[in-house]
Structures are given as structure tokens and as C-alpha cells.
Amino acid sequence: MPDTQRRASRRASLRRGSISVLPQKSAEIPWDILERLLLPFLFCHAAALIISTLLHALDISHVSTFAVFVWFALSTVGAVLFYHFVKVSESNK
């Protein structure tokens, strides 16, 4: 009799939603993405400073360092994320 009561209470709690049938995903921070983005982001800043200075010194263009940084950062972050998701989907096959 206790076994049937346990099943009945389990069914009731499943209906209430207090027990989940599906496995719960943990809310982890994706450190691998952050590690892959850290150095390229820093190098974008350094490259923007160098290229902006060269463009100003050679009087080719008067573009701001921030604009060059944003351009480099967007393209680099896009490439790194593309590479990351290709790598992740490849390992899941």
C-alpha cells in the first residue's frame, strides 16, 4: 500500500510541476567563449591604436581610434563566435 501512495503522490506533484521530468540545465557561464574572445578583443584595441596613429601620421585618413576599434572588434568577435559554434557543433556530432 505505501508503494501505491508514493506513486499517487509522485503523479500529483508531477501535475503540480514541483517535480520536473525533464533534466534541468545549469546556468553556467560559457567560459570557453569568454576565453576565446579576451585576447582578440585586446589585440583589436592595440591594432586600432597603431593603425589610427599610422593613418593620422601619414595623413591618409582622419578616422578616430574608436571607429577603427569598433570595426576590428565587430569583425573579430564575429569570426571568433563563428569558429566557436562550428567547433561546438562539430564536437556534438
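Only one of ARG7, ARG15, ARG36 is at pLDDT below 85, in contact with a helix residue (DSSP H, G or I) (Cβ under 6 Å, 6 or more places away or on another chain) and in a helix (DSSP H, G or I). Can you tell me which? Quick ask: steps written out before the conclusion?
On the way: ARG7 fails: in contact with a helix residue (DSSP H, G or I) (Cβ under 6 Å, 6 or more places away or on another chain); ARG15 fails: in contact with a helix residue (DSSP H, G or I) (Cβ under 6 Å, 6 or more places away or on another chain).
The match here is ARG36.
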Can SER61 be described as among the small types (Gly, Ala, Ser), surrounded by 11 or more Cβ atoms within 10 Å (Cβ to Cβ) and not in a helix (DSSP H, G or I)?
yes
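The values are calculated or read from the model by the stated rules, or taken from the named source; none is laboratory data. These numbers were taken from a predicted model, which means no experiment stands behind them. All Cβ positions, glycine included, derive from the backbone under ideal geometry; neighbour counts span all protein chains shown.
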